[in-house]
Each structure stands twice: as C-alpha cells, then as structure tokens.
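*Asks:* So that we are looking at the same thing, I have put the structure below in structure tokens.
The values are calculated or read from the model by the stated rules, or taken from the named source; none is laboratory data. Quick caveat: nothing in here was measured; it's all calculated off a predicted structure. Ideal geometry is used to build each Cβ from the backbone, glycine not excepted, and the neighbour counts take in all protein chains shown.
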Amino acid sequence: MNLIKQCFHRKLWQIITVLFMIVICHSFLVIPTALANSQIKEIKVSLGNSQGELRFFPSSLQFETGQQYKLLLDNPSPTKHYFTSKDFADASWTRKVEAGKVEIKGAIHELELKPGSTAEWVLTPMKSGKYELHCSVAGHTEAGMIGKIIIND
C-alpha cells in the first residue's frame, strides 16, 4: 500500500510540474504581445486646412481593437470644426482628452476644435466595425467634411 501511495504522489508531482511549465511557457508568449499592444500609436488628423477646405486629412482612419491610440487633432483652418463620430466613440474606451491645459475624462462623442487649436484623444477601440465621421457645423457635412473610421479585430 505504501508503494502505491509513493507512485501516486510521484505521478501527481509530475503532472503538477508539467502544468506549471505550461503556464510559464504560455506567459512568455502572452506577455510580449501585451507589452507590444500597450505602446500608444499616434494618428494625426487635421480638421480642414489653411485654405479653408472642408475635409478631414486623412479622411479614412484605421484602428485595431485592443490597441491604445493617441489621436492628435488639429484645426489649421479659419473656422471651427467638430470631430463627430458617436458610434466610434461608443465602440472605444476613452482614457482621456487633453486640450490646452485641460484634461477631460469620461465619455466623449464629439470634439469641437476652434481655429488654430489642437487636442489629443487617448483611446482604445473595443468593438470592430465601420463608423462614419463628420463635422457637425451647419453645412460642413453637406459640403463634404465626412470620413470613415474602421476598427479591425
């Protein structure tokens, strides 16, 4: 009976050791991926230009779920513009928005940028999909100040 217990304990320790090694090896694969994804990718977007064109530059934005981004928004035009994409905002987790010396936290659905101003929106897209972008100043959407945002898995 004592021999059976010893064999059982030896097998149990072998199984525990193998499981422990699997966990350790798995962590070496997962941790580098998580660290790579924790780096913030910057994307620059201009709302209009100095010639007064009613466009987003670029007008198409691509994101990946789970990746953290910093949207660097600027308005070089002589009129105010909005960066409006409620569905994109709802599909993303906002860490913060910085504008001037102000830091804003919480749900964001649109950002107003006055002439010559800048803002930084730090976010992580959480849900894949295609979303519309537009400027909600009267007449700007109709004049072509629209864009698309794509979040890929």
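*Asks:* Return the only residue of Leu123, Leu72 being under 20 Å from Arg55 (Cα atoms), of a type in the set (A, V, I, L, M) and within 13 Å of the chain's Cα centre (by Cα).
*Replies:* Going through Leu123, Leu72 in turn, just one is under 20 Å from Arg55 (Cα atoms), of a type in the set (A, V, I, L, M) and within 13 Å of the chain's Cα centre (by Cα): Leu72.
*Asks:* Would you mention how many residues in the stretch 37-78 are touching a residue at least 40 places away in the same chain (Cβ under 8 Å) and assigned to a strand (DSSP E or B)?
*Replies:* Step one: filter the stretch 37-78 for residues touching a residue at least 40 places away in the same chain (Cβ under 8 Å), giving 40, 47-48, 54-56, 58-76.
Subset that is assigned to a strand (DSSP E or B): 47, 56, 60-64, 69-74.
The number of residues fulfilling the criteria is 13.
*Asks:* So, of the residues in the stretch 89-104 that are part of a strand (DSSP E or B) and among the acidic types (Asp, Glu), which turns out to be farthest from Thr65 (Cα to Cα)?
*Replies:* Checked the stretch 89-104; the qualifying residue farthest from Thr65 (Cα to Cα) is Glu103.
Per-residue answers, yes or no, for (1) in contact with a strand residue (DSSP E or B) (Cβ under 6 Å, 6 or more places away or on another chain); (2) free of Cβ contacts under 8 Å to residues at least 24 places away in the same chain:
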| position | (1), (2) |
| --- | --- |
| Thr94 | yes, no |
| Gly100 | no, yes |
| Glu103 | yes, yes |
| Ala138 | no, yes |
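*Asks:* Among the residues of the stretch 105-137, write down those that are more than 20 Å from Gln67 (Cα to Cα), part of a loop (DSSP other than H, G, I, E, B) and either of a type outside the set (A, V, I, L, M) or not assigned by TED's automatic domain parsing to the domain that holds Phe63 (or both).
*Replies:* Hits for the stretch 105-137 are Lys114, Pro115, Gly116, Ser117, Cys135, Ser136.
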